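*Asks:* Before I ask anything, here is the structure I am working with.
The values are calculated or read from the model by the stated rules, or taken from the named source; none is laboratory data. Note that this is a predicted model, so its numbers are computed, not measured. Cβ atoms come from the backbone with ideal geometry, glycine included; neighbour counts cover every protein chain shown. Note: areas computed on protein heavy atoms with side chains; ligands, DNA, RNA excluded. Shrake-Rupley method; radii C 1.70, N 1.55, O 1.52, S 1.80 Å.
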Amino acid sequence: MTIRKSTAMIAAITMLAVGACSPKPPKELPPAPEGTGTDTGTNTGTGVVPGSQEDFVASVTSDRIFFGFDQYNVDAEDQATLQSQAQWIQRNPAVRVTLEGHADERGTRDYNIALGERRANAAKNYLASLGVDPSRIQVISYGKERPAALGSNEEAWAQNRRAVTVVIGR
């Protein structure tokens with residue numbers, strides 16, 4: 001009986017000690033990090049920082065292009081999207097981007113990594129043909145590892161066969 005009481009007391013003391021050590025909220029919050037849009041000198045008045053991913057998505061036709069099954073060619077619709085992206089990138093000369101290549105779940109991991117890379121490079125080459133400096137564009141392939149849509153049907157697969165442009169900074 002005394003062992004149970006001792007164990008219970010130790011547990012209660014431990015809980016009190018841990019509770020007493022919990023951090024207390026600061027009396028005053030630190031200033032917001034630079035570039036968050038809270039500084040009126042760095043935003044557009046809408047809370048969107050020029051040259052940011054949010055600005056990019058709000059300004060272009062789309063941040064992604066789509067491909068047919070086992071394809072990596074840039075079709076006319078993709079060209080229009082990439083033209084919009086190229087104009088934004090050229091208006092923001094300090095910005096660099098990453099083109100992420102993706103594939104649907106069909107095929108092996110290695111095959112889809114290679115296909116995603118071909119898709120991202122096709123988008124990069126088209127942007128370069130429009131005057132975007134290729135050194136500002138990084139390419140990465142995720143293959144089938146980062147699906148945009150879950151499911152094993154044509155609708156999900158079509159959304160996953162894509163190249164996405166992501167602003168990575170200045």
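*Asks:* Residue by residue through region 126-139, what is 3J(HN,Hα) from phi via Karplus (6.51 cos²θ - 1.76 cosθ + 1.60, θ = phi - 60°)? Round to whole Hz and write x for glycine and proline.
*Replies:* Residue by residue, region 126-139 yields 5, 4, 5, 5, 8, x, 7, 4, x, 5, 8, 10, 9, 10 Hz.
*Asks:* Next question. Of Asp104, Asp110, which has the most accessible area with a 1.4 Å probe, and how do the rest follow in descending order?
*Replies:* Result, largest first: Asp110, Asp104.
*Asks:* Find how many whole Å separate the alpha carbon centroid of region 54-82 from the alpha carbon centroid of region 126-147.
*Replies:* Here the answer is 11 Å between Cα centres.
*Asks:* Can you run phi through the Karplus equation (6.51, -1.76, 1.60; θ = phi - 60°) for region 109-120 and list ³J(HN,Hα) in whole Hz, with x for Gly and Pro?
*Replies:* Once rounded to whole Hz, the list reads 4, 4, 4, 5, 5, 5, 5, x, 5, 5, 5, 5.
*Asks:* Could you tell me the accessible area of Glu105 in Å² (1.4 Å probe, neighbours in place), rounded to the nearest ten?
*Replies:* Near enough 80 Å² of accessible area.
*Asks:* Between Arg96 and Glu154, what is the label-to-label distance in nm when each label sits 7 Å out along the Cα-to-Cβ direction?
*Replies:* Label at Arg96, label at Glu154, 4.1 nm between them.
*Asks:* How big is region 97-141 along each principal axis, measuring the range of its Cα positions in Å and listing the largest first?
*Replies:* Extents along the principal axes, in whole Å: 35, 14, 12.
*Asks:* By what distance, in whole Å, do the Cα atoms of region 123-170 stretch along each of the three principal axes, largest value first?
*Replies:* 38, 21, 14
*Asks:* Something else about it: Just to check I understand the Karplus step: with θ = phi - 60° and J = 6.51 cos²θ - 1.76 cosθ + 1.60, what whole-Hz values come out for region 143-151, glycine and proline as x?
*Replies:* x, 9, 6, 10, x, 7, 10, 8, x
*Asks:* So, one more: Name the residue from Asn153, Ile168, Ile140 whose Cα lies farthest towards the positive end of the charge dipole of region 131-170, charges +1 on Cβ of Lys and Arg and -1 on Cβ of Asp and Glu.
*Replies:* Of the options given, the answer is Ile168.
*Asks:* To the nearest 20 debye, what is the magnitude of the charge dipole of region 95-158 about its Cα centre, counting +1 on the Cβ of each Lys and Arg and -1 on the Cβ of each Asp and Glu?
*Replies:* Here the size comes out at about 260 debye.
*Asks:* Continuing with this model, one more query. With N set to the number of residues, divide the alpha-carbon radius of gyration of region 57-170 by 2.2 N^0.38 Å and report two decimals.
*Replies:* 1.01
*Asks:* Can you tell me the length gained on complete extension of the stretch Glu54 to Ser84, counting 0.36 nm per residue apart and subtracting the Cα distance?
*Replies:* Here the answer is 9.3 nm.
*Asks:* While we're looking at this one, here's another question. Largest first, what is the accessible-area ranking of Val60, Val166 with a 1.4 Å probe?
*Replies:* Val166, Val60
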